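Peer 1: Quick one: the structure is below, and I'll ask about it shortly.
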Amino acid sequence: MSYKGFIRYTVRRGVVLFLVVVLAIYITIIVANMGGKIDEFVKGDLYLQIAQQVKRDPQYKNLPGSEQEKIIKMKYEQEIKRLGLDKPFLERSFIYLKDAITLNLGRALYMTSDSGSRLVRNIILERLPATVMLFTTAMIINFFIHLFLGLYLSRNYGSLLDKIVIALAPTSTIPGWFYGIFLILIFASWLHILPYGGFVDVPPPPDPVDYALSVLKHMILPLASWIISGFFLGVYGTRTFFLIFSTEDYVEAARAKGLPGSLIERRYILRPALPPIITNFALGLIGSWGGAIITETVFNWPGLGLVTWKAIQNFDTPVIIGVTVIYAYLLAITVFLLDIVYGLVDPRIKLQ
Amino acid sequence: MVGVAMLEVENLRLYYATRKGVVKAVDRVSFDLERGETLAIVGESGCGKSSMAKALTRLLPRNVHTYDGVVRLDGKNLMELSEEEFRKNVRWSQISIVFQGAQNALNPVLKVGFQIAEPLMVHDGVPKEEALKKAREALRMVGVHESFADRYPFELSGGMRQRAVIAMALITNPKLVILDEPTSALDVITQANIMNLLKRIKMERNLSFIFITHDIALSSELADRVAVMYAGQIVELTDAEEFYTNPKHPYSQKLMASVPTLRTDKKLEFIPGAPPSLLAPPPGCRFHPRCDKAIPRCGEEEPPAIEVKEKHYVKCWLYA
Amino acid sequence: MVSDVGMEYSLKGIVKELLSYKSGIASVLILALLIGLSVYTVVTIPPEQAIAMWRGENNMWIENPRNAAPEWITYFVHKNLPKTIKVASWDRRFGVVKAVAPIPDTTLKKIHIEVSFDYNYDDFPSEVNVFFKAKFNASKTTPLIKMYWVKPDGTKIPITEFTMRDPDQILYISVDQQIYSGLVAWLQKEKGVKPYKTVTTQEILFGKISPSMEQGKVEVEKGTYKLVVDATTYNEGDDVDLKLVVYGKIYGIAGTDHLRRPLIIALLWGTPVALAFGLTASLAISIIQLFIATISGWYAGIVDSIIQRITEIYMIIPFLPFLIMMAAFYKLDIWTILAVVIVLSIFGAGIKSTRALVMQIKEYPYVEAAKAYGASDARIITLYIIPKILPPLVPGLIGSVPGFVFLEAALSFLGLGDPYLPTWGKIINDARNNGALYKGYYYWILEPSFMLILTALAFAMLGFALDKIVNPRLREM
């Protein structure tokens, strides 16, 4: 019986989130096109495509330039009408919306993907794994550090270590990318023991093991910067959290029942605390996607963030819009996964 | 074994250290309890009743200042046991406790049946299937349908949860069950139901209960003996019959006078003043500032427990 | 986890308790300092002036050294680093000589200029320029300039010879290729030394001429130097004056950047910008969220549901990419950026806890009593609900300021910030883009970073201290 409820819940969340993503993308499009930016590149791209088509077409190849121009223009007008791009703003926006949802994000103005494609979708998706790899690793490392240290501290609260952690909690308001600049300053610029940035040594080592090690070496500083940033507040937060949960009545009842301490910790403190802990984790994950842009710029990490940075530098409008759309999807997927895990862990959800 | 009571408490003390000073929550409390007897501990809020429960089950907070005395269960002094020994051999297997506000005594993410069965699995090593079966039986015994064993606490009503907690407290067949205000968070009808359940269990099982409450009328339903607590001390300890008809200590008398009776016309009285602070209790007899029968000696010396009649003790200079 | 709504808060009580914590005192002091700095800055350097200075209008910084370190760095390097020396031919002081000798029967004049200065530093100057201030008509015959360099031991080295083009001509001695080749040739011919290719013009001019130059090693020759200019003017009314600038390697309290701008300006001006941005964003968002949460919690029903849906949508809209998109497409000034940030944040997660609190208070007996005696919704909300939900907001408000300060820095870092205002993020951006990390100009990054960290920590500490006061549960822990 609970499985049906769970599936119903999952489907419901999925549908709701999808609608939300659609709305979010729609807002993005409206805002982006307020200055006609989308129209610009869509039409420009279209013109380019038609011009190329015409110039290659044996029918028209050998015509003089001015003739070609006229034909191109005529075909262009035709296409505009066919695609409905001459309709008013609101209608156009829905056309763009459909494209955006299906990830038909057009072609970049200047940038290309490593594989040579000009499609915005490819440029972005190609870089996505690097971002996911870096930030998910950072989040997971942070999660476990905060969990175990927080648990340890909650058992020994009031100790000197506890006081130090509390005192240093404000250092977490400084974002990871800022620490990153300093780490580069110390370890790359001054001590020369770690690389300034990038994904892998240049030229990349041919041996796959060496390659992997090189990538790991390049991951050290970006990971460190986010670990340092989140450390004190994260540990303090989970410690306070566990403290509050360990003062619950049912924990005292468990002690009265004569259950051993480790069992109480696992079953009576950790288990009930899982739903909010997971929520925090997911929120942190979502937040880290945002911080990714600056971090990757600082470290030259070839991920989604760096693509954004390059797109800004080059004024590559379609890529900038495409990145925003992809981020919206990323967030929606993260929230969806969070909801699923939450539903698994909190019995109150399953049964409603 | 005649002559040696099942539970002997001597000079039990539990003091807390707070920012404002030392709180003497349980201040040299002594009493005996026979097997199958129910002792009701009555008193106002803040008199130390709940701390008594904590002292007996060693559920101490971090800021304990003093914890000593003698607590003998079947001849063995529990205070001499180590934490681990106490946990394994005494907690729940010999002494269990039903908390105030049982709504929160159950872990929200574990099934009810599992929680009831848990002590069996942990203390007696009973395999899970069998333990769950016993848990279901226990639920049935307290009047909750077995199917609720597979439910989560939030799916049960307040009354049902309280019953479940009682079932949980009984499942290991302990010698002593402490009930700390088990019904104060419930409506009157549910309260009556729970009291009936407790009476039935008392009859069927020959368990010893310590029933802690501020509701004197309620206590009369179960009590064989009554102890009145005031400012961390027991000021009167006697048989229930004796207490409800002929209380000796001025405080007890005021208490009984403040309880409305159903069938007789009674002029209700109240006790002036406020309960004393456990930080700095009044010198001498702690009740003397509010007592209308106080004599000068009451403010100077603390009265000892005087045996007024057989097994009837009063801590008052009037009976010296 | 609900805070104790029964507590009453008094401002005096809070302040007193705050000052009992060490972190409270520290943060209040730092914030007072920052606010004082902001006020001072805005008063002494009004915004238009700051922007003009940062744009470097009218070449105002031309006499500053490029990428100079702050003067206090000498304590760390134990070397007497050079400061900028400026000597002009019109200076009335010892060491400056200007003699004008007209040639009889002609309109020609021979002008002899000597500017001397003492150079006792342990390191070479970063640049050497000569700024001419001449008077002549460019269409007629222009003055002829012969320039020499005289070292402390009296060695006279010819530098260059040319005809002036422009009355305000600048001679970039240290980078001029011709001058360099001339000096190298002179060294080889007159002193038999062929300097290694890394030896710079400044090193030749200010260094001890020795064979070690061939390995690229040059020592500073301390003493009195002289720049000698022999000019010949051809027309009536022609004149030649000049200013020699020997650029140092240190400047002022904060150093300079790649455009010779004193970093102290941006450091000072960054303070009010950061504070204003952070505080305004924080306050506006908190207040608006307060309203939304109150309305959502109080009216419940459909209004609540709608607001909840909107909040979900907000969660999915990616904040930073969206902000970047807007800043990249439409060149925004800092106040518009602020507005966008606020709009993008108002339906954020902070609403949830406040709304929960409102719903809790709504059920309280005294609220019901107020409704019973006919109090209007507005009255209940302002008198009963808001005073109870306001205090828990304050720590969050203060604590979120650093986030916004860093957000502004991040945008500037990406090059998307306000294009005209000098801010801390802008400095870091400039530093990074101009290779500060590679070239070792650590102060360029460290100084704005220090300000950012100071501001962030001050607000964060204050926020945490306030949190402990307002949430008594945390205090017990």
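The values are calculated or read from the model by the stated rules, or taken from the named source; none is laboratory data. Owing to the predicted nature of the structure, the values given are computational and were not obtained by experimental measurement. Neighbour counts run over all protein chains shown; Cβ positions are idealised from the backbone, glycine included.
Matching residues to (1) closer than 30 Å to residue C:383 by Cβ; (2) surrounded by fewer than 17 Cβ atoms within 10 Å (Cβ to Cβ); (3) not hydrophobic (A, V, I, L, M, F, W, C):
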position: C:289; (1), (2), (3): yes, no, yes
position: C:298; (1), (2), (3): yes, no, no
position: C:305; (1), (2), (3): yes, yes, yes
position: C:317; (1), (2), (3): no, no, no
position: C:334; (1), (2), (3): no, no, no
position: C:338; (1), (2), (3): no, no, no
position: C:342; (1), (2), (3): yes, no, no
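Peer 1: Still on this structure, I have one more. Within the bounds of the stretch A:4-15, is there any residue that is touching a strand residue (DSSP E or B) at 6+ places or on another chain (Cβ under 6 Å), in contact (Cβ under 8 Å) with a residue 40 or more places away in the chain and assigned to a helix (DSSP H, G or I)?
Peer 2: Checked the stretch A:4-15: no residue is touching a strand residue (DSSP E or B) at 6+ places or on another chain (Cβ under 6 Å), in contact (Cβ under 8 Å) with a residue 40 or more places away in the chain and assigned to a helix (DSSP H, G or I).
Yes or no, residue by residue, for (1) closer than 29 Å to residue C:256 by Cα; (2) in the same structural domain as residue C:335 (by TED's automatic domain parsing); (3) in contact (Cβ under 8 Å) with a residue 24 or more places away in the chain:
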position: C:376; (1), (2), (3): no, yes, no
position: C:382; (1), (2), (3): no, yes, no
position: C:389; (1), (2), (3): no, yes, yes
position: C:392; (1), (2), (3): no, yes, yes
position: C:399; (1), (2), (3): no, yes, yes
position: C:416; (1), (2), (3): yes, yes, yes
position: C:422; (1), (2), (3): yes, yes, yes
position: C:427; (1), (2), (3): yes, yes, yes
position: C:436; (1), (2), (3): yes, yes, no
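Peer 1: Filter the stretch C:181-227 for residues that are basic (Lys, Arg) and either touching a helix residue (DSSP H, G or I) at 6+ places or on another chain (Cβ under 6 Å) or assigned to a loop (DSSP other than H, G, I, E, B) (or both) and give the result. It would help to see each step written out before you state the result.
Peer 2: Within the stretch C:181-227, the subset basic (Lys, Arg) is C:189, C:191, C:194, C:197, C:208, C:217, C:222, C:226.
Selection gives C:194, C:197, C:208, C:217, C:222.
Peer 1: Residues that are out of contact with any helix residue (DSSP H, G or I) (no Cβ under 6 Å at 6 or more places or on another chain): find the strands (runs of 3 or more DSSP E) completely inside the stretch B:13-102 holding 2 or more of those. Write out each step before concluding.
Peer 2: Details: elements: B:21-33, B:38-42, B:64-73, B:95-98.
Of the strands (runs of 3 or more DSSP E) lying wholly inside the stretch B:13-102, those with at least 2 residues that are out of contact with any helix residue (DSSP H, G or I) (no Cβ under 6 Å at 6 or more places or on another chain) span B:21-33, B:38-42, B:64-73.
Peer 1: For the stretch A:233-258, which positions are buried (at least 20 other Cβ atoms within 10 Å of the Cβ) and closer than 29 Å to residue A:299 by Cα?
Peer 2: Passing the criteria: A:233, A:234, A:235, A:236.
Peer 1: Taking interchain pairs and intrachain pairs at least six residues apart, which have beta carbon atoms under 6 angstrom, with the first residue in the stretch C:317-338 and closer than 22 Å to residue A:306 by Cβ and at the interface with another protein chain (Cβ under 7 Å from one of its Cβ atoms) and the second aromatic (Phe, Trp, Tyr) and buried (at least 21 other Cβ atoms within 10 Å of the Cβ)?
Peer 2: Taking only residues 6 or more apart or on different chains, the pairs are C:318/A:327; C:321/A:327.
Each row is one residue, and each column tells you yes or no for (1) closer than 30 Å to residue C:109 by Cα; (2) without any contact (Cβ under 8 Å) to a residue 12 or more places away in the chain; (3) touching a Leu at 6+ places or on another chain (Cβ under 8 Å).
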site	(1), (2), (3)
C:229	yes, no, yes
C:235	yes, no, no
C:240	yes, no, no
C:243	yes, no, no
C:246	yes, no, no
C:249	no, no, yes
C:256	no, no, yes
C:261	no, no, no
C:268	no, no, yes
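Peer 1: Can I ask one more? Inspect all residues belonging to the stretch B:253-262 and state whether any of them is within 20 Å of residue B:52 (Cβ to Cβ) and surrounded by 17 or more Cβ atoms within 10 Å (Cβ to Cβ). Can you show your working first?
Peer 2: First, pick out the residues of the stretch B:253-262 that are within 20 Å of residue B:52 (Cβ to Cβ): B:255.
Next cut, surrounded by 17 or more Cβ atoms within 10 Å (Cβ to Cβ) only: B:255.
Yes, there is a match, as at least one residue in the stretch B:253-262 is within 20 Å of residue B:52 (Cβ to Cβ) and surrounded by 17 or more Cβ atoms within 10 Å (Cβ to Cβ).
Peer 1: Here is a further query. Would you check which residues across the stretch A:290-305 are within 17 Å of residue A:136 (Cβ to Cβ), surrounded by fewer than 23 Cβ atoms within 10 Å (Cβ to Cβ) and of a type outside the set (Gly, Ala, Ser) and list them?
Peer 2: A:302
Peer 1: Could I ask something else about it? Does the stretch C:129-167 hold any residues that are of a type in the set (Val, Ile, Thr) and more than 14 Å from residue C:241 (Cβ to Cβ), and which are they?
Peer 2: Within the stretch C:129-167, the first condition is being of a type in the set (Val, Ile, Thr), and the residues that meet it are C:130, C:141-142, C:145, C:150, C:155, C:157, C:159-160, C:163.
C:141, C:142, C:150, C:155, C:157, C:159, C:160, C:163, listed by residue number.
Peer 1: A follow-up question, please. For residue B:265, work out the one condition from (1) modelled with pLDDT under 85; (2) touching a helix residue (DSSP H, G or I) at 6+ places or on another chain (Cβ under 8 Å); (3) of a type in the set (Asp, Glu) it doesn't fulfil.
Peer 2: (2)
Peer 1: Another one. Under 27 Å from the mean Cα position of the chain (by Cα) and free of Cβ contacts under 8 Å to residues at least 24 places away in the same chain: does that describe residue A:264?
Peer 2: For residue A:264, the condition - under 27 Å from the mean Cα position of the chain (by Cα) and free of Cβ contacts under 8 Å to residues at least 24 places away in the same chain - is not met.
Peer 1: Would you list the helices (runs of 4 or more DSSP H) that sit entirely within the stretch A:249-330 and hold 3 or more residues that are within 14 Å of chain B (Cβ to nearest Cβ)?
Peer 2: In the stretch A:249-330, A:249-256, A:271-299 are the helices (runs of 4 or more DSSP H) which contain 3 or more residues that are within 14 Å of chain B (Cβ to nearest Cβ).
Peer 1: Picking from A:136, A:173, which residue would you name as being modelled with pLDDT under 90 and within 12 Å of chain C (Cβ to nearest Cβ)? Give the derivation first.
Peer 2: Details: A:136 fails: within 12 Å of chain C (Cβ to nearest Cβ).
Checking each option against the conditions leaves just A:173.
Peer 1: Another one. Against the condition of a type in the set (A, V, I, L, M) and without any contact (Cβ under 8 Å) to a residue 24 or more places away in the chain, how does residue C:130 come out, does it pass? Spell out how you get there, then give the answer.
Peer 2: Details: of a type in the set (A, V, I, L, M): yes; without any contact (Cβ under 8 Å) to a residue 24 or more places away in the chain: no.
Here the answer is no, as residue C:130 does not meet what is asked.
Peer 1: Here is a further query. Return the residues of the stretch C:219-241 that are farther than 22 Å from residue C:154 by Cα and surrounded by 20 or more Cβ atoms within 10 Å (Cβ to Cβ); say none if nothing qualifies. I'd like the intermediate steps shown before the answer.
Peer 2: Taking the stretch C:219-241 and keeping what is farther than 22 Å from residue C:154 by Cα, we get C:232-241.
Listed by number, the residues that qualify are C:233, C:238, C:240.
Peer 1: Looking at this structure, is residue B:127 over 25 Å from the mean Cα position of the chain (by Cα), away from chain A (no Cβ under 13 Å) and at negative phi? Let's see the steps before the verdict.
Peer 2: Numbers: over 25 Å from the mean Cα position of the chain (by Cα): yes; away from chain A (no Cβ under 13 Å): yes; at negative phi: yes.
It is true that residue B:127 is over 25 Å from the mean Cα position of the chain (by Cα), away from chain A (no Cβ under 13 Å) and at negative phi.
Peer 1: Which of the residues spanning the stretch A:1-36 are of a type outside the set (A, V, I, L, M, F, W, C), at the interface with chain C (Cβ under 8 Å from one of its Cβ atoms) and over 16 Å from residue A:322 (Cα atoms)? Don't jump to the end; show me each part of the working.
Peer 2: Step one: filter the stretch A:1-36 for residues of a type outside the set (A, V, I, L, M, F, W, C), giving A:2-5, A:8-10, A:12-14, A:26, A:28, A:33, A:35-36.
After this cut, where a residue has to be at the interface with chain C (Cβ under 8 Å from one of its Cβ atoms) as well, the list is A:28, A:35.
Scanning the stretch A:1-36 gives a single hit, A:35.
Peer 1: Within the stretch A:36-46, identify whether any single residue is of a type in the set (Asp, Glu), in a helix (DSSP H, G or I) and in contact (Cβ under 8 Å) with a residue 60 or more places away in the chain, and answer yes or no. Quick ask: steps written out before the conclusion?
Peer 2: Of the residues in the stretch A:36-46, the ones of a type in the set (Asp, Glu) are A:39-40, A:45.
In the following step, the residues that additionally are in a helix (DSSP H, G or I) were identified as A:39-40, A:45.
Now restrict to residues that are in contact (Cβ under 8 Å) with a residue 60 or more places away in the chain: A:40, A:45.
Yes, there is a match, as at least one residue in the stretch A:36-46 is of a type in the set (Asp, Glu), in a helix (DSSP H, G or I) and in contact (Cβ under 8 Å) with a residue 60 or more places away in the chain.
Peer 1: Filter the stretch B:58-103 for residues that are more than 13 Å from chain A (Cβ to nearest Cβ) and of a type in the set (Val, Ile, Thr); which is nearest to residue B:36 (Cα to Cα)?
Peer 2: Restricting to residues being more than 13 Å from chain A (Cβ to nearest Cβ) and of a type in the set (Val, Ile, Thr), the top hit is B:71.
Peer 1: Any chance the stretch A:149-171 includes a residue that's under 17 Å from residue A:300 (Cβ atoms), hydrophobic (A, V, I, L, M, F, W, C) and touching a Leu at 6+ places or on another chain (Cβ under 8 Å)? Before you say what the answer is, go through the steps one by one.
Peer 2: We begin by selecting, within the stretch A:149-171, every residue under 17 Å from residue A:300 (Cβ atoms); these are none.
Checking the stretch A:149-171: not a single residue is under 17 Å from residue A:300 (Cβ atoms), hydrophobic (A, V, I, L, M, F, W, C) and touching a Leu at 6+ places or on another chain (Cβ under 8 Å).
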